[in-house]
């Protein structure tokens, strides 16, 4: 009898274990199914240009729909998926960390999108959203030759036919927007109109089908006319009614950080972190400047640094010239594994991005199978600038910041991180990410490379003097990100005006007036652009904590490789994966 009871007990135990294992597998399968449904039914259908960018070409003929009806439908769909995914109870087993954290990533994305549509409401406030979306929707079809010209042209025509409706929706939706948003749209529209008049037809000059080309001529002319009319309306009508507030407020700012970056640090403490890092970088700048020019003030040394820049027509070549040396240094000093020898293509920034960015990296999507080129975009001075304005603008591309920017955008920054994306474990990790990871990584590498010897004489610099200029360039870029950190919080919580923010970038961030204007414009529409410094500091703390744990066994290359193989989720998730605990990110 005892034996029978024992067998029954063992059987019950095995049944319990089997049931628990089945329950674990069930929630994971259910989540994967739901996350796939979310991407295929909401995420990409409401952002088809993003679909094209990631390599899902079934979305190539679709265009974003910003009508109020479509916005309301997206909100309803988002709430439905939020409820269904929240209802899934994940296992807390260590082995289930990846799907459990993927669930949090997807929920964060849904919550952030709901916050954007319901509270921040760019569809109601930002005129540039409409015209720049038109430009980007065309650009992603022409930039990469993932299909024959006729096929991509056919998709472009389908998108162009929907653009006049989008511009019509803008006139219905835009209600008392912030003046700065309308001014940015007005500033960018001439370039966007020229883009459709000149660049788009040129990109499809190789198309063969005569009927298709004739149809394109009509659809493209309609888009140009629509954009020209939109510009007139913005100037003659909307600008006078643009008295709204660009500030999102403290609560929305905190919510956005929590949903996008998994950062829930109180804003007053965040602000103190930003100030502490700003002061530390200013102190180091002053020290290096004094070593370089003992008889000059830091401001005078900064001016000298600014004047040390390439000619505007040589700027793109200056960036191209950095790649080989950076790659050789990275490999020789075991900084990080570079998975490919293919270099990014350096080109001028597309017109719809020029008002708010100096340089950027445009990489192919994780599911792009045919056109895998990556583009390093650089914004050249506007032809309408005066010679004095061009000189002020080029100060942002001095000998130090050219190197710092090349590190940030390419080696070992954004481009190298992109090369690691195929190793991300899940579809979620390939599609969704956090700016504190992406921009934090790129910004972190600027300092890390110099700290590990790049920029010394014979390794990126001609002599000791140029080496110090490179460090000053890195610090100037760090101070730019410090200023973004503080300005973003202070502007959007109502403690700093637009004009005060411009002054802050110049006085505390060590930037030119021209840079300060661009950066303040960006901050009005990109509130949480503190993510550069925030992510950098999170990564540096993770590295130091791992060093303490591993001691002499710590390897910088292994740390970097292990970081990049996670994909680009919030640093909080990467930290738990690498350290195995939930210790604070800062």
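The values are calculated or read from the model by the stated rules, or taken from the named source; none is laboratory data. Since the structure is predicted, the reported quantities are computational estimates derived from the model, not experimental observations. With ideal geometry, Cβ positions are generated from the backbone for all residues, glycine too; neighbour counts draw on all protein chains shown.
Observations, loosely collected:
- Unmet criterion (only one of (1) more than 19 Å from the chain's Cα centre (by Cα); (2) in a helix (DSSP H, G or I)) for residue 91: (2)
- Residue 434 passes every criterion in (1) within 23 Å of residue 396 (Cβ to Cβ); (2) buried (at least 24 other Cβ atoms within 10 Å of the Cβ); (3) within 17 Å of the chain's Cα centre (by Cα) apart from (1).
- The listed residues are 74, 64, and the only one of them that is in contact (Cβ under 8 Å) with a residue 40 or more places away in the chain, assigned to a helix (DSSP H, G or I) and closer than 30 Å to residue 151 by Cβ turns out to be 74.
- Within the set 131, 112, 101, the sole residue that is in the same structural domain as residue 150 (by TED's automatic domain parsing) and part of a helix (DSSP H, G or I) turns out to be 131.
- Within the range 95-145, the set of residues being more than 19 Å from the chain's Cα centre (by Cα) and free of Cβ contacts under 8 Å to residues at least 40 places away in the same chain comprises 95, 100, 107, 114, 121.
- Flag for residue 43 being within 23 Å of the chain's Cα centre (by Cα) and within 27 Å of residue 425 (Cα to Cα): yes
- Residue in the range 5-26 that is more than 30 Å from residue 164 (Cβ to Cβ), touching a helix residue (DSSP H, G or I) at 6+ places or on another chain (Cβ under 7 Å) and modelled with pLDDT under 95 present: yes
- Qualifying positions in the range 455-484 - surrounded by fewer than 22 Cβ atoms within 10 Å (Cβ to Cβ), assigned to a loop (DSSP other than H, G, I, E, B) and either on the phi < 0 side of the Ramachandran plot or modelled with pLDDT of 90 or more (or both): 462, 463
- Any hit, the range 114-123, residues being modelled with pLDDT under 95 and surrounded by fewer than 18 Cβ atoms within 10 Å (Cβ to Cβ): no
- Leading residue by the ranking (surrounded by the most Cβ atoms within 10 Å (Cβ to Cβ)) among those in the range 548-586 that are more than 23 Å from residue 94 (Cβ to Cβ) and assigned by TED's automatic domain parsing to the domain that holds residue 486: 560
- Residues of the range 46-88 classified as surrounded by fewer than 17 Cβ atoms within 10 Å (Cβ to Cβ) and either closer than 14 Å to residue 159 by Cα or at pLDDT below 95 (or both), total: 1
- Being within 26 Å of residue 75 (Cβ to Cβ), surrounded by fewer than 19 Cβ atoms within 10 Å (Cβ to Cβ) and touching a residue at least 40 places away in the same chain (Cβ under 8 Å) is a property that holds for residue 175.
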